[in-house]
Every structure is written in C-alpha cells, then in structure tokens.
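Take a look at the structure below.
Bear in mind that the values in this text are calculations on the coordinates, not laboratory data. Since we're looking at a predicted model, the values are computed, not measured. Virtual Cβ from ideal backbone geometry, glycine too; neighbours counted across all protein chains shown.
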C-alpha cells in the first residue's frame with residue numbers, strides 16, 4: 001500500500017484527491033487507530049462511494065428504490081397493498097436505513113460493557129438489548145441493538161452513523177483482543193403481524209415470544225421488540241432476505257422504511273441519525289424508560305453526566321409522541337414551537353406518515369415545562385401537532401431528588 005503524504009493531506013491539496021482517484025488501495029501508513037488514520041480511510045471510501053453500502057441496499061436500488069439523505073429508501077407499494085388489511089396482517093419492512101456490525105474477540109463483552117449505556121451481563125443468549133454510545137459529555141452518538149452471536153456481538157444501528165461509530169470505538173480498542181467489522185452481507189428486515197409460510201420455513205407471529213427475546217430460524221435471527229402489537233427485526237444473509245422479499249406469499253405486505261419508523265414511533269423508540277447525533281442525553285430520548293440505560297453497572301463514556309441527571313436533578317427535556325392530521329414535510333431536527341410563540345421548545349426526533357400519507361406521527365424532544373400545552377406546531381400554525389400516548393409513563397424510574 002502506498003502511504004499518504006501527511007503534509008499533502010493537511011493542506012487539502014487537489015493533487016491528493018487526484019492521487020486517490022488513481023489508486024483505490026491507498027491507505028494511511030501512520031498508527032492504525034489514530035483519528036487521522038481512521039478519517040483518511042473514511043475519506044478514501046467516500047470518494048469511491050463505498051461507505052456504508054450493503055448488498056441489500058444495492059438490491060433495493062435495482063428495484064427502483066429512491067434513497068433519502070437519512071439512509072432510508074422509498075419503495076413503490078402496489079395499490080392492492082395500499083388498500084390493506086389491519087394491524088394483524090403479516091408485513092415485511094425493507095429497513096435499508098439499518099445496518100449491522102460485528103464485535104468479535106476474546107474481550108468483546110468486557111469492551112462493549114465499558115462503552116455502552118446498557119448492561120450486557122443482564123442478557124441471556126436468547127435475549128437482545130438496546131443501548132446507546134455516548135460522548136464523554138453524555139451526548140448520544142448512536143443508538144444500538146446488541147445481539148449475542150456465539151462469542152461475538154452483532155450491533156444494529158443507523159447506516160448513516162455506523163461508520164462513525166466503528167471509527168470511534170476502534171480508537172479505544174488499543175491492545176484489547178477486539179475487532180470490529182461491517183457486515184455488508186447481513187440484511188435487516190422488519191416484521192409484524194401474523195405468522196406465515198416462507199421460503200425458509202414457517203415464520204411464527206412475534207406475539208408468541210417474550211419482549212426483547214431472540215430466536216433463530218437458520219440462517220436468520222428474529223428479534224422481538226417491546227410493545228403491543230408485536231413487531232421486530234429479522235437478521236438474514238442478503239440472498240435469504242431477497243428470497244423472503246420476493247418469494248413469500250403475496251398476502252404478506254411489503255412496506256418501506258417509513259412504515260417501520262412509524263412502528264418505532266408508536267412504541268416510543270427514539271431515532272438518532274447523523275443530523276441529531278450528539279444533540280441529546282439519554283434521558284431526553286427516554287432511553288432510561290425503555291431499559292436502554294443501566295444505573296447499576298460500571299463506568300462508560302458520559303456515565304457521570306447521565307447519573308447526575310438522574311440522581312441530582314431532573315431531565316429538562318423528555319420525548320413525547322404527537323400526531324398531525326395531514327401530510328407535512330417535516331425533517332428530523334426541525335424545531336417545534338408553542339402556539340403563538342416564536343421560541344422553540346423542542347425538536348423532531350423521528351417522523352413518519354401512515355401508508356396512505358394522509359396523517360403523520362412524530363417523536364419530539366420537548367421541554368418539560370411545555371409538556372402540558374394543548375398542542376404544538378412546526379413553525380406555522382397550520383401544522384398543528386396533537387399529543388398522543390406512549391406505551392410507558394414519562395415519570396417512570398425517576399428517583400427522589402437528593403441534596
């Protein structure tokens with residue numbers, strides 16, 4: 001491999017860019033885990049369009065899916081499916097905005113235990129958990145689902161953030177026996193509704209399994225989420241995912257990522273993308289209310305800040321669910337206001353429309369002082385947001401303030 005001239009790199013010389021175009025194998029020759037080396041590799045990958053691409057996303061693109069900036073991809077849904085059955089109908093969701101990385105090595109469990117907000121020691125091999133990776137200031141960089149896979153762990157996260165996350169984790173590996181790899185050929189699909197026959201065998205309704213349980217139907221893993229109606233994820237090799245998508249009965253609805261995000265909104269599961277990374281502490285996103293933060297384990301980045309908010313103060317913001325009675329062009333990160341006021345009191349965490357695009361739902365991070373308002377809006381009074389219920393109580397797990 002030809003080393004990069006660091007003076008040229010720092011100067012941003014145009015010659016550096018042309019040098020990269022001439023040699024796709026260029027990699028930085030300095031220490032493996034320094035930030036500069038990691039960023040250099042990432043820039044090379046970006047130039048060649050390789051960053052965070054998966055075989056599943058390439059397949060969807062060939063089917064005509066249109067990519068959005070946040071990593072989601074929009075699929076055309078037939079009119080037959082649009083006229084669709086109720087909530088108990090079997091559905092598959094494309095979920096191209098989610099990707100998978102693998103953490104392997106003899107010290108992988110201890111390493112992740114010291115980096116994430118959740119407690120991996122509390123889960124069995126037939127369970128999975130959710131956690132966050134935070135900055136030292138307690139700001140959420142990314143939200144992850146962590147799945148045990150033998151001695152390894154699979155990390156499911158937003159595709160727009162996974163490279164950044166792996167870059168940062170590698171910095172702290174040092175001499176530990178831990179390796180991170182991006183699973184380009186592992187596909188994430190969503191699943192809800194009744195069971196059905198599939199090319200890999202009978203797929204049972206997730207309502208038959210406990211919340212946050214994990215079961216295997218080779219070569220796939222099935223993850224049951226929290227909440228009712230039951231829904232969850234499938235992890236599958238891409239060729240198997242394509243068979244499920246194409247060859248399963250036409251009675252099973254195929255839905256795009258927007259419908260998956262709607263399920264997440266109704267379950268009160270927050271979303272962090274590259275646009276909102278490092279904006280929120282875990283309590284602002286209710287992560288402490290959905291068992292994604294442990295206050296009994298040892299230290300992790302940002303732990304002191306997160307614990308201080310819990311034991312010595314109160315969260316200044318909490319996440320709520322709202323609905324809008326018509327289609328709105330909302331984006332993650334958009335400000336939210338009180339009626340007749342110009343001062344922002346919150347921002348959009350997640351947003352999705354119903355399948356017929358006549359209504360929308362959102363999760364918004366809202367100032368606690370404004371939680372009792374009758375409604376909110378997105379910068380104009382026509383986009384009125386009405387508060388909807390969450391499947392958990394915002395006051396749960398809040399201890400009495402100490403001196």
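Panel note: the C-alpha atoms of the range 213-282, placed on their principal axes, show extents of 41, 26, 23 Å (largest first). When each of 224, 327 is scored by the number of other beta-carbon atoms lying within 10 Å, the sequence from fewest to most is 327, 224. In summary, the range 55-267 shows an alpha-carbon radius of gyration equal to 1.02 times the 2.2 N^0.38 Å reference for compact globular proteins.
From least to most packed, judged by other beta carbons within 10 angstrom and beginning with the fewest, 312, 266 follow the order 312, 266.
The range 270-327 and the range 209-256 have Cα centres separated by 28 Å.
Applying 0.36 nm per residue to the separation of residue 307 and residue 218 and subtracting their alpha-carbon distance, the gain on full extension is 28.0 nm. For 280, 182, the sequence from fewest to most other C-beta atoms within 10 Å is 182, 280. Per-residue extension of 0.36 nm, minus the Cα-Cα distance of residue 380 and residue 392, leaves a gain of 1.3 nm for this segment. In this simple spin-label approximation, residue 174 and residue 295 carry label points 7 Å from Cα along the Cα→Cβ vector, and these lie 3.0 nm apart. Fully extending the segment from residue 239 to residue 122, taken as 0.36 nm per residue of separation minus the present Cα-Cα distance, adds 38.8 nm.
Equivalent ellipsoid semi-axes for the range 131-237, as square roots of 5 times the alpha carbon gyration tensor eigenvalues: give them largest first, rounded to whole Å.
Its equivalent ellipsoid spans semi-axes of 29, 16, 12 Å.
Most simply put, the range 55-267 has about 95% antiparallel DSSP beta bridges, counting only bridges with both residues inside it.
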